[in-house]
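Below is one structure; the comments refer to it alone.
The values are calculated or read from the model by the stated rules, or taken from the named source; none is laboratory data. Everything quoted here is computed from the prediction, not taken from an experiment. Here Cβ is always computed from backbone atoms with ideal geometry, including for glycine, and neighbour counts include all displayed protein chains. Side chains are part of the model used for accessible areas, which takes the heavy atoms of the whole protein and leaves out ligands, DNA and RNA. Shrake-Rupley method; radii C 1.70, N 1.55, O 1.52, S 1.80 Å.
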Amino acid sequence: MRRSVKTAIMADASRGSASAEVMPIVTLWGWAGTNGVTSEGDHQRDASNSTEPFPSVKEWRSGRERPNSDRSRQFARLLETVRRMGDFPAGHQLHISAETAKSCEEVLGLLLNNFQVAPPKMFPQDSESLTFTWDTFDIKRYLTVDGAEFDLLELNKINKARFERELPFDPHGDAPSWLLSLGGPPSSAAGEATKNAV
Amino acid sequence: MSGWGAQQVQLVWFLTDVANLHAAELFSQTWDGPPDQTQANRIPTPEAPFLSQAGSRRDGMAMQVVVQPGRVDLFVSVDPEQEPQKMLGSLFDLTGALAQVVAKLKVRPLVDRDAFRLAAVATFLKPVDTYSDAVKEWTKFSGMKIQAPSPSDLVFQINSRAALSGILCNRLINLSVFAIQPFAISLPPTSGSVASAPALLSARRHVDCNTVPDGRLLESDRHHIILSSLMSEIVRIHSSNSIKSLEE
């Protein structure tokens with residue numbers, strides 16, 4: 001059953017941010033992603049104020065990304081979190097279904113290894129699904145994964161205009177155009193396998 | 001080419017789904033025998049972000065397979081656990097080291113599913129005596145002269161796309177200087193000082209050929225053809241010893 005992302009996001013739209021929804025995840029696992037991303041040799045930057053066309057930072061456009069870069073560590077933390085959330089029992093506030101966890105992992109793996117997109121923030125929704133969120137200029141994007149179904153909501157933070165659509169995705173088929181546009185510029189390097197991020 | 005040898009070569013399969021892929025099985029499939037070490041994580045973490053990895057060390061070489069969300073990596077490299085001098089003496093011929101791997105891939109694909117992207121990456125080293133000698137290697141390859149006195153921290157990178165086997169590919173080259181600084185620490189500590197030897201320097205050439213992700217899946221029975229094309233391109237670029245090789 002497709003979940004509507006509207007209900008949860010409407011409440012956040014009035015605040016212009018979903019950051020409050022992210023807090024439980026941040027507290028539980030000490031996830032370092034707060035308001036923005038930290039790039040090597042650069043001060044922390046608020047992604048919501050980004051002037052880049054895609055939520056990325058300079059080090060990710062340098063071609064070769066270090067195995068233990070901030071980006072790869074943040075994605076690794078997201079992947080760990082997704083798996084742990086799939087382990088929580090049904091009824092737990094952070095529970096997501098096994099199918100949702102698998103779909104999320106597949107999308108995160110694709111985005112981490114093949115594109116230069118920044119790691120998203122995320123929060124659980126409706127006790128079965130998970131929502132990823134990115135800021136791109138003045139547009140806030142929410143990608144909700146419920147089993148094998150994907151919904152994308154784009155919210156203009158200035159005028160509050162919303163555009164929501166269902167997205168097709170078959171992990172055994174060609175990647176859909178929405179995934180390619182969400183990922184932003186493709187990576188030009190294969191990158192080192194993150195064997196040990198420490 | 002005189003003085004140059006491969007330090008590491010890496011083949012990468014970028015996959016949407018890595019379920020039921022285990023590094024130990026993939027290792028045995030490639031190198032005819034079980035790995036010496038295996039590790040597995042049901043829940044990967046930033047400290048151990050892989051799902052499984054398996055490896056062996058033989059005759060100064062290290063072979064490894066790593067499975068993590070979104071990718072499978074296969075490595076052949078100089079054993080990094082060796083003494084530095086011995087490590088630099090173990091640089092290998094890339095084509096020869098991969099011959100067995102390529103032969104296996106022709107018979108049976110390493111992974112039983114289509115890939116989102118494929119890559120072949122190689123790192124070459126040439127031991128040199130001084131930093132200036134490494135800069136000379138950079139000058140030879142790039143065709144650009146550096147007149148600045150006492151250069152250091154030299155890094156050069158360029159990517160050029162080209163169609164290989166009908167697929168648009170990145171060809172990313174990174175030139176730098178590789179240094180190993182040996183230290184000798186006596187146990188138990190005596191005078192409290194740490195003896196150090198001069199740094200071992202090498203000119204370093206890193207060539208990364210990978211398919212440009214455009215959303216289309218690459219069929220598993222074509223993987224060995226595409227990877228062979230990528231490897232051939234790496235060998236061609238390295239053997240040319242010139243950035244002009246990217247013009248082709």
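Odds and ends about this structure:
- Restricting attention to the range A:156-171 and to residues that are within 13 Å of chain B (Cβ to nearest Cβ) and more than 17 Å from the chain's Cα centre (by Cα), the residue that is modelled with the highest pLDDT turns out to be A:Pro168.
- In the range B:95-102 there is no residue that is surrounded by 20 or more Cβ atoms within 10 Å (Cβ to Cβ), touching a strand residue (DSSP E or B) at 6+ places or on another chain (Cβ under 9 Å) and at pLDDT 90 or above.
Conditions (1) open to solvent by less than 30 Å² (accessible area, probe 1.4 Å); (2) touching a residue at least 40 places away in the same chain (Cβ under 8 Å); (3) of a type in the set (S, T, N, Q), marked per residue:
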{"residue": "B:Asp36", "(1), (2), (3)": "no, no, no"}
{"residue": "B:Ala54", "(1), (2), (3)": "yes, no, no"}
{"residue": "B:Gly60", "(1), (2), (3)": "yes, no, no"}
{"residue": "B:Gln68", "(1), (2), (3)": "yes, yes, yes"}
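- Positions within the range A:106-130 being open to solvent by 30 Å² or more (accessible area, probe 1.4 Å) and either of a type in the set (Lys, Arg) or within 14 Å of chain B (Cβ to nearest Cβ) (or both), in sequence order: A:Lys121
- When B:Ser90 is tested against the conditions (1) assigned to a loop (DSSP other than H, G, I, E, B); (2) more than 30 Å from B:Leu200 (Cα to Cα), the lone failure is (2).
- Within the range B:7-21, the set of residues being within 23 Å of B:His223 (Cα to Cα) and part of a strand (DSSP E or B) comprises B:Gln8, B:Val9, B:Gln10, B:Leu11, B:Val12, B:Trp13, B:Phe14.
- Scanning the range B:127-159 for residues that are away from chain A (no Cβ under 14 Å), open to solvent by 40 Å² or more (accessible area, probe 1.4 Å) and within 20 Å of the chain's Cα centre (by Cα) gives a single hit, B:Pro127.
- Restricting attention to the range B:25-57, the residues being modelled with pLDDT of 90 or more, out of contact with any helix residue (DSSP H, G or I) (no Cβ under 8 Å at 6 or more places or on another chain) and within 21 Å of B:Ala103 (Cβ to Cβ) number 4.
- A search for C-beta distances below 7 Å between a residue of the range A:172-192 that is more than 7 Å from chain B (Cβ to nearest Cβ) and part of a helix (DSSP H, G or I) and any residue that is among the hydroxyl-bearing types (Ser, Thr, Tyr) and surrounded by fewer than 20 Cβ atoms within 10 Å (Cβ to Cβ), counting only pairs 6+ apart in sequence or on different chains, returns nothing.
- Residue match in the range B:29-40 (condition: under 27 Å from B:Ser229 (Cα atoms), part of a helix (DSSP H, G or I), more than 9 Å from every other protein chain (Cβ to nearest Cβ) and among the charged types (D, E, K, R)): no
- Only one of B:Ile167, B:Ile173, B:Ile237 that is in contact with a strand residue (DSSP E or B) (Cβ under 8 Å, 6 or more places away or on another chain), at pLDDT 90 or above, surrounded by 14 or more Cβ atoms within 10 Å (Cβ to Cβ) and more than 14 Å from chain A (Cβ to nearest Cβ): B:Ile237
- Filter pass, A:Val145 being under 30 Å from B:Gln39 (Cα atoms) and either buried (at least 22 other Cβ atoms within 10 Å of the Cβ) or touching a residue at least 40 places away in the same chain (Cβ under 8 Å) (or both): no
- Candidates B:Ala122, B:Ala162, B:Ala115, filtered to the one that is within 14 Å of chain A (Cβ to nearest Cβ) and surrounded by fewer than 16 Cβ atoms within 10 Å (Cβ to Cβ): B:Ala162
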